[in-house]
Amino acid sequence: MRGGRTDRRRRRTARRLAGVLRRRRAWLLAGLGGLLVAAVAVVALAFPSVVAVTCPGCHGLEEVAPGLYTEPDLPPDRRRRAIEIVEAAGRRVHDFYGGRESAPRVLVCATDDCYRRIGGGGERGIAILNRAVMLSPRGANEVIAAHELSHVELDSRIGPGRVPRWFDEGLAVVVSGDPRYLAPETTPGTAAETDPKADPKAAPDRCLAEPGVALPGDPAGRPRAATDGERFYADSACRVSRWMSAAGGPAAVRRLIGRLAAGEEFAAVFPASAAGPPAQESTAQESTAVPGAGN
């Protein structure tokens, strides 16, 4: 009898212990679930752009071409225009880099409300690491799209943070041909235009960052002082453009990228004479945003 009572007590104790463990497991799972929900909510609030590029549909965008998302109520002509812009910008990047290794999602907003909703700010466009590009209503054009796609392509080839910001931004300006910060490749009055013996492949000096030169967009062409952001982009583009002209154009960029991808450091492969003194970093966002510059 004693053995039977002991066995029953042991079984009751085991059942109670199992019940306690089940309840604790349920509480633990509920707690972890709550923490996960809270973490997702914090990320969504703090970094809405991360959520937007991961799940564009969660922000009301729809895919209108492979990897391209816009607002669903866009008229057909504006939808086609968005597709044309991104395709043209992609061709610029492809032609410059000799191909494309990146395939980012591109989110194009036609309204300010849409751009705020996906986490955009005052910039025209922004690259999200090497994963995506977001374009605001003011940045939905070939130049800004190519600028941001250049950032993504460079990051895809060498990884983020491998080049100074001035080189990354200057290269993006060159790739996009942004007329705010660089003169056209061939302009009236340059040697390439007026000298029949000039090498047609020799690009003129395209810099707009020289002291006393007004940047594009001045009312009636009146000179004015550039903002810090404007000056940073123009100066960076000038450095990259002049180095490319001396080193062999886009092919020089591709060679540099190859060496960086192989593990060499930027300071070891980029000539110090071309880099010049450290560029004055702007406090602007790392995008095509230039606060106060009429962007």
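Do we have LEU149 as assigned by TED's automatic domain parsing to the domain that holds ARG259 and in contact (Cβ under 8 Å) with a residue 12 or more places away in the chain here?
no
Counting just the residues of segment 123-165 that are within 11 Å of the chain's Cα centre (by Cα) and acidic (Asp, Glu), which one comes out farthest from GLY98 (Cα to Cα)?
GLU148
Would you be able to tell me the number of residues in segment 105-151 that are of a type in the set (A, V, I, L, M), surrounded by fewer than 24 Cβ atoms within 10 Å (Cβ to Cβ) and in a helix (DSSP H, G or I)?
Here the count works out to 1.
Residues to consider are SER102, SER156; find the one that is at pLDDT 95 or above, out of contact with any His (no Cβ under 6 Å at 6 or more places or on another chain), buried (at least 18 other Cβ atoms within 10 Å of the Cβ) and part of a loop (DSSP other than H, G, I, E, B).
Every option except SER102 fails the conditions.
Please work out which one of (1) aliphatic (A, V, I, L, M); (2) at pLDDT below 60; (3) within 29 Å of ASN141 (Cβ to Cβ) is the condition LEU68 fails and give its number.
(2)
The rows are residues; the columns are (1) in contact with a helix residue (DSSP H, G or I) (Cβ under 8 Å, 6 or more places away or on another chain); (2) under 21 Å from PRO160 (Cβ atoms); (3) hydroxyl-bearing (Ser, Thr, Tyr).
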{"position": "SER102", "(1), (2), (3)": "yes, yes, yes"}
{"position": "VAL108", "(1), (2), (3)": "yes, no, no"}
{"position": "ASP112", "(1), (2), (3)": "yes, no, no"}
{"position": "TYR115", "(1), (2), (3)": "yes, no, yes"}
{"position": "GLY122", "(1), (2), (3)": "no, no, no"}
{"position": "ILE126", "(1), (2), (3)": "yes, yes, no"}
{"position": "LEU129", "(1), (2), (3)": "yes, yes, no"}
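Exactly one condition in (1) of a type in the set (A, V, I, L, M); (2) under 21 Å from GLU62 (Cβ atoms); (3) surrounded by fewer than 20 Cβ atoms within 10 Å (Cβ to Cβ) is false for ALA88; which is it?
(2)
Failed condition for GLY161, given (1) closer than 28 Å to ARG259 by Cβ; (2) small (Gly, Ala, Ser); (3) buried (at least 24 other Cβ atoms within 10 Å of the Cβ), with all others met?
Going through (1) closer than 28 Å to ARG259 by Cβ; (2) small (Gly, Ala, Ser); (3) buried (at least 24 other Cβ atoms within 10 Å of the Cβ) one by one, GLY161 breaks only (3).
The values are calculated or read from the model by the stated rules, or taken from the named source; none is laboratory data. Treat the numbers as computed from the prediction; the structure is a model and nothing was measured. Heads up, the Cβs are rebuilt from the backbone with ideal geometry, glycines too, and the neighbour counts pull from every protein chain shown.
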